[in-house]
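The values are calculated or read from the model by the stated rules, or taken from the named source; none is laboratory data. Just so it is clear, the model here is predicted, and its values are computed rather than measured. FYI the Cβ positions are ideal-geometry reconstructions off the backbone, even for glycines, and counts take in every protein chain you see.
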Amino acid sequence: MFRQPLSPKGFLTLLAIVALLSLPFIIRHEYWIYVLTIGFYYAILASTWNVMAGYLGRVSFAHAAFAAIGAYASALSVLHLKVHPVLGMAIGTVAGAVFSFFIGYLSLRLRGVYFTLSTLAFAEIFRIIVTVEYEYTRGSLGLETEHLIVTMSYIPYYYVALALLLGTVFSTYLILNSAFGLKIMAVGNSEEAAEAIGIDSAKVKVVTFLYVSALTSLAGAFYGHFIGLVSPEVGAFDQLALIIAMTVVGGMGTLPGPVIGALLLEFFSEYLREFGIFRLLIFAGLIIVTVRFFRRGLYGTLKERLISVGGSP
Amino acid sequence: MGVVLPIVENLITGLIMGSFYALMAVGLTLIFGVMRIVNFAHGEFYMLGGYILYYLVTLLGINNFVALPIVMGAMFVFGMAVERSLLRPIITEGLGHEYSIIITFGLSLFLVNFAIAFFGPEYKTPPPYIPTYRIALGPISISGDRLLVATLAAVILVLTYLVIAKTKIGLAMRATAQNKEGAMLCGMDVYKVSMFTMGLASALAGASGALLSTILLLEPQAGLIPAIKSYVVIALGGMGSIAGAVAGSVILGIIESLGTVLISAAYRDAYSFLVLILVLLIRPEGLFGVRVREV
């Protein structure tokens, strides 16, 4: 099976996966299993946002909104079509993909900050519709929905979330290391240069946005059936802020960075729970300091240091 | 007459609201013109301006009209400090738009939560500039204090225009907006121009907050809606264009007021987003903007 000896990177990855798989047997505390499950949810959102911002070079402010689209589509289809939550999650994923195709097709031809502004507008319109159309969505009270698994323990959810996260990271790894991944990075570096060598940048952008948004909606749908409640909070600005903080602190433009950042900040956030109001203040401070002084984030900076100490790449 | 009267009244309200949007939007468009970035913390500059006025008036007992220039001065210094500490690498290291979006977004988040933690999350009402009274124009009645505050906003706008059109630093700003490298070659200090631009824009946003928060309510997230509206305005008017920002403000104020009467009030805040999307899709360079090709 191993045609070549396992690289240190591969070894560390394997170690991390084994550690995450065995954690529920080590930590017997349901509360921390719950925190980790939420952490995995954020890790998926941060990883997918990172593909847009860190590789394609497009900052989307509609990311949390796509999680909410998936969550609402799934919860509403479970409620009205009486389908099983698993099918609901599939419907949520498709809904995210369809919406992202239209939004991406319309707004991804805009450059840089114009794209960001249009995603902000789409996200806000979605939030206003959800809040105003009270009869369908129960407005800001939130829509109660069925749980994915009937169980007293969080452990089954832990493994579902972990599977979703591993699937996201692995598929992202495959895409980034394929010919299409090179196209993504080429467009991210310079759209003009990419066009000049014959890359259809519009297609690359729309397909990437579709992939990212479908996964985000799937994660959002899962989150809804995990908590049992879908509210406009899922797509709120705070959530977007959290996703950005996690990605930036962990290391934007690196594959493990967002996962590390999400788990770290989720733990941090639980420890800081008693400081409530200072939590987002600290996270905002972290975003500013990291972006200003450690642009490559925790993972990127550590990697750089290790390489410079080790002497060889 | 039954339908026309509310429409005329809302038209006037729209014009008054437009003058506040203009104060925010002109600052935003100046930043974009000179530095090629969108400041996502602009709404928080507005909010800070409101709080500084509130504390000057309630704690130190300073008159509103005296406090207003102090607010603008303080926010001018604050804006320059933000440029020097956070935005400088954009010029020195030639960083892309991801950096400017994320750092100003982080700053916005920081300031909102700073205000929640230290000023408190509850609503505050700064004392008005003059007591509330209404002016009757035949069958139409207008709020007099709103009209006064809108007039102050217009005076500040005219002064800003004079700074940009008639002073040396204004000339340097226009030159930098046209061609940064060219301006540098002519011996202009682009760092100083950027710093001044941030200071001026921040002072304008602060003035807008100091004026409008006496009419609307003041809270840590009070800047969010005015900021979003000013993004719409500068997209509508063409990013970087001052005349466009003023015209866009008036147009948006009117669209919103008429939409509220003629279509639905619940979706009031959604109209501006719809306008934003339509403008970006149909005419991304805005009504007054010039289509530029990037190389």
Checking B:Ser143 against (1) over 20 Å from B:Leu23 (Cβ atoms); (2) surrounded by 14 or more Cβ atoms within 10 Å (Cβ to Cβ); (3) of a type in the set (S, T, N, Q), which single condition isn't satisfied?
(1)
Got at least one residue in segment A:81-99 being over 29 Å from A:Met152 (Cβ atoms) and touching a Pro at 6+ places or on another chain (Cβ under 6 Å)?
no
Does A:Glu144 satisfy the criteria of being loosely packed, with under 15 Cβ neighbours inside 10 Å, out of contact with any Asp or Glu (no Cβ under 6 Å at 6 or more places or on another chain) and either within 14 Å of another protein chain (Cβ to nearest Cβ) or under 30 Å from B:Pro220 (Cα atoms) (or both)?
no
Looking at the structure I just gave you, is A:Phe222 away from chain B (no Cβ under 14 Å) and surrounded by fewer than 21 Cβ atoms within 10 Å (Cβ to Cβ)?
no
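What are the residues in segment B:228-241 that are assigned to a helix (DSSP H, G or I) and crowded, with 24+ Cβ neighbours inside 10 Å, if any? Talk me through it step by step, then tell me what you get.
Narrowing segment B:228-241 to residues assigned to a helix (DSSP H, G or I): B:228-237.
Listed by number, the residues that qualify are B:Lys229, B:Ser230, B:Tyr231, B:Val232, B:Val233, B:Ile234, B:Ala235, B:Leu236, B:Gly237.
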Do we find a residue being over 16 Å from B:Ile31 (Cα atoms), within 14 Å of chain A (Cβ to nearest Cβ), under 13 Å from the mean Cα position of the chain (by Cα) and surrounded by 15 or more Cβ atoms within 10 Å (Cβ to Cβ) anywhere in segment B:196-208?
no
Within segment A:122-135, does at least one residue satisfy the condition of being free of Cβ contacts under 8 Å to residues at least 12 places away in the same chain and buried (at least 22 other Cβ atoms within 10 Å of the Cβ)?
yes
Quick one: which of B:Val279, B:Val250 is closer than 30 Å to A:Arg109 by Cβ, among the aliphatic types (A, V, I, L, M) and within 14 Å of chain A (Cβ to nearest Cβ)?
B:Val279
Say we look at segment A:253-286 and pick out the residues that are among the β-branched types (Val, Ile, Thr) and assigned to a helix (DSSP H, G or I); which of these is nearest to the other protein chains (Cβ to nearest Cβ)?
A:Ile277
Residue satisfying condition, being outside any helix (DSSP H, G or I), more than 10 Å from chain A (Cβ to nearest Cβ) and of a type in the set (S, T, N, Q), within set B:Thr151, B:Thr132
B:Thr132
Go through segment A:92-131 residue by residue and tally those that are within 30 Å of A:Glu195 (Cβ to Cβ) and part of a helix (DSSP H, G or I).
24
One residue is enough: does segment A:171-180 have a residue meeting the conditions under 21 Å from A:Ala90 (Cα atoms), more than 14 Å from chain B (Cβ to nearest Cβ), surrounded by 14 or more Cβ atoms within 10 Å (Cβ to Cβ) and modelled with pLDDT of 90 or more?
yes
Screening A:Met89, A:Met52 for residues that are more than 14 Å from every other protein chain (Cβ to nearest Cβ), part of a helix (DSSP H, G or I) and crowded, with 22+ Cβ neighbours inside 10 Å leaves only A:Met89
Are there any pairs, at least 6 apart or on different chains, whose C-beta atoms fall under 7 Å, with the first in segment B:108-126 and more than 7 Å from chain A (Cβ to nearest Cβ) and the second small (Gly, Ala, Ser), and if so, which?
B:Ser108/B:Ala41; B:Ser108/B:Gly43; B:Leu111/B:Ala41; B:Pro126/B:Gly50; B:Pro126/B:Ser213
Restricting segment B:92-109 to residues that are closer than 21 Å to B:Val193 by Cβ and modelled with pLDDT of 85 or more, the residue that is surrounded by the fewest Cβ atoms within 10 Å (Cβ to Cβ):
B:Tyr99
